[in-house]
Amino acid sequence: RCHHCPHLPTRPYEKSEKPCMLSEYRERYPPYPITLPRGLFKSKKAYKMAQIPMEGISTTKRDYIAHEVLPQKLKSPEKHVKSDESMDLTSTYKQDYNSYPISQVPPCLPRVTRHIPSAKMDTRTTYEGDYVLWNEPKTELIRPNDRFHPSEEKFDHRTIVQDDYLYRGPVATQSCKPLNLVQKSKAPFENITNYRVNYVPHPLEKHYMHKYEKYKVNEVPFDGLTTHKVSYKGLAGQPAKLAKPCKLKLLHDLPFCSTTEFQEKYQAWPRPPVFTKKPDVYLPPLEKMDLHTTTQIHYKHPNGKPAKMCQTLAQLKISTEPFSSSSTMKEDYKPWLCKRLKPITCVPELTFPAKPMDFLTTFQTHYVPHPLTVTKSYKPGWSGPKHHTLLDAKTIYATSYTPKGIVRCLASYKHPPGYVFEGTDADGHNLYLPASPSESLQGGH
């Protein structure tokens, strides 16, 4: 909601990069003085111990008194009498859901009669029938007239940089380094600092050694009593009784039956014996096995000599003339006599001074160390009154500034409604006057 001026002041005699911090919020709501911090409300009452001696009885012993626990009476189980009636093994499922003969349900779909036309099918598509090629001549390509012909003159291999930027020779530059105007004093350097002057080393005192006293045995005999035995004395009472109920053993005369209802009703079915076929007795063949293969029978080696080579030996003529190592490549493509070009280097334009370098920076020459100045703190001590009154929850902001609806700032409009532009002041702010005399507000942008 705080609208700042978006542009800088336009005065010709005042140049500052800081924006104008004047806003409508600061004009309407000026800052108020800071209120003092409230004091502590912590009570200073110390805890006081009671001087009455402590009782040895707790609230549990006082409220919860032990009652007499009587033994639990157990009801004797009734004897089981076996009935002579046979058990009915039928169920409600077998009575209500009877089995019916299964029959195949015929399909309920209607019979589809297909009409096969005798006419010949037209395989031409609608695209081929509707979109027919037009009988138009082929359009010629729109090309520019390439009338460029390279010149037949010999290329001089000169660039624009070589023609325009000629070498002017070395330029004598002047050193911009400031002169060393600091006069070095010949007096010896004082190594005295504020720390050495103010903080003088003092002699250390001798370390205090505590002397331990020798242990002396107490002559009074030990009574063996503790604070617990002295303060909490046992009261006379009856010893605690056991609250565990006694369990009576149940003795039945009936023997335990090891069979269950599942074992009696669901008995295992008799399994038929597994059919096993006896293997036939192996009888070896009476004829002998012929170990010859078809390759051994058909492809026999004839009794003959090995074949001779039919290739004629090449008769090489050894010439006595020397070998000529020249070729068409060596005769046609002969290496050129080229000289290595030297790099084009410019003459150095800088002139180095004849004096030796002092190796001093501008920081070392200009920023000379000065003696330290001890600053004194001028912070005033707090001597105001301390308020012990209780802080109420009511403030000036809570009572005076009631919450209102969000209203758009008039300065955000390019032309505020209900106002007429008057002019601009020296800071560059646009001034507006209310259009009607009833409006008393004047907005600044």
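The values are calculated or read from the model by the stated rules, or taken from the named source; none is laboratory data. None of the values given here were measured: they were computed from a predicted structure. So basically every Cβ, Gly included, is an ideal-geometry build from the backbone, and we count neighbours across all protein chains shown. Only protein heavy atoms, including side chains, enter the accessible area calculation; ligands, DNA and RNA are left aside. Shrake-Rupley method; radii C 1.70, N 1.55, O 1.52, S 1.80 Å.
Given R₀ = 56 Å, what would the calculated FRET efficiency be for residue 213 paired with residue 69, taking r from the Cβ atoms and rounding to 0.05?
Rounded to the nearest 0.05, the efficiency is 0.35.
With a 1.4 Å probe and all protein chains left in place, how much of the accessible area of the stretch 108-164 comes from carbon and sulfur atoms, in whole percent?
55
Which entries of 184/376; 154/339; 75/241 show an alpha-carbon separation above 30 angstrom in the structure shown?
Beyond 30 Å: 184/376.
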